[in-house]
Amino acid sequence: MFVRHEKAPHGLWTRITGRPLRDANGELLGGVIVCRNLTRVDAPLSQVLTELVLLMEGQAEGLRCSILLLNRDGKHVRHGAAPNLPEAYVKAVDGEPIGPRNGSCGTAMFTHKPVIVEDVMTDPLWADYRELARICGLSACWSTPILSPQGEVLGSFAMYREEKRGPRSEEDRLTNIATHVAGIAIERQRQQEILRERDARISLAAESAELAFWVLYPEGNAWMSDKGRRIYGFDSNLPLTCDLILSRIHPDERAAVKAEYDRGCALQGRSRASTAFSCHTAKRVG
């Protein structure tokens, strides 16, 4: 969706997604609508998560929140965002393992289920973290795993209180919103990391073999090795698209290359696999 207003006179491209919000009995309470600014694609994940945490904390007095990420090894946590938790607590938790008795967050990620601890001083899940919680003034902690669309654990979202109690309905609603939005942001960064690693491997192979490669992806974006960019006259930082690369191919050969690209996209659509069209740079440049 394209949005334009006085504070964004040039307009913004946004993507809107939503899902129903239900109570513990499955009754419909409302909906979670997420509007993502696609124009601002370079915002670091830490900034996105910090803004999300601050937004959630602003909805209830005395509420402190955090987001932890599950490391790629699937066994340890990494700091995501916790702008209002003590630095000593953030550093102590960063890198801790997940497990069946590893606090609220480590246990939530391990079990794939929400974990509610109303009193961290007596709950056995917090046996290894009680002194840290006491020093930091934390009495209750509720944590919910952040899941990908495929059900993979990406991290956890936690709420902390200085008083001993469980979550209220409004806090449950905020948790549902936060985990949904955080899941979108974390999954997006993971996909970007996968793409960067893939492009780096292709580039290394191309340069090692003294070849120039360009790759056209079914989504319409493209990648080109450094040697290919030099041959086709593209700046190193210029974002590439299928249409832009095809425009540099000699007109006599452009239709054949486009037909091969379309064939690759059709195969990708039937197999539902993440495939890409690629070829050596052996075509005449128009």
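Structure values in brief
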read-out: Gain upon complete extension [residue 198, residue 130; 0.36 nm per residue less C-alpha separation]; value: 20.2 nm
read-out: Residue 102 long-range amide H proximity, modeled H, under 5 Å; value: 107
read-out: Additional length obtainable on full extension of the chain from residue 219 to residue 164, 0.36 nm per residue less Cα span; value: 14.8 nm
read-out: Shape call, the range 54-175: gyration tensor on alpha carbons, a/c limit 1.5; value: rounded
read-out: R0 of 45 Å, Cβ-Cβ distance residue 101-residue 226: FRET efficiency to nearest 0.05; value: 0.35
read-out: Label-point separation, residue 71 to residue 238 (7 Å along Cα→Cβ), nm; value: 4.2 nm
read-out: Nearest-0.05 FRET efficiency for residue 88 and residue 59, computed from C-beta distance (R0 25 Å); value: 0.45
read-out: Lysines whose Cα lies under 16 Å from that of residue 258, excluding same-chain neighbours fewer than 8 positions away; value: 283
read-out: Local electrostatic count at residue 58 - Lys and Arg +1, Asp and Glu -1, tallied over other residues with Cβ under 14 Å; value: -4
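The numbers here are math on the coordinates, done by the rules we state, and not lab data. Predicted model, so just to flag it, every value in this text is computed and none were measured. Here the Cβ is made from the backbone with ideal geometry for all residues, glycine too, and neighbour counts use every protein chain on show.
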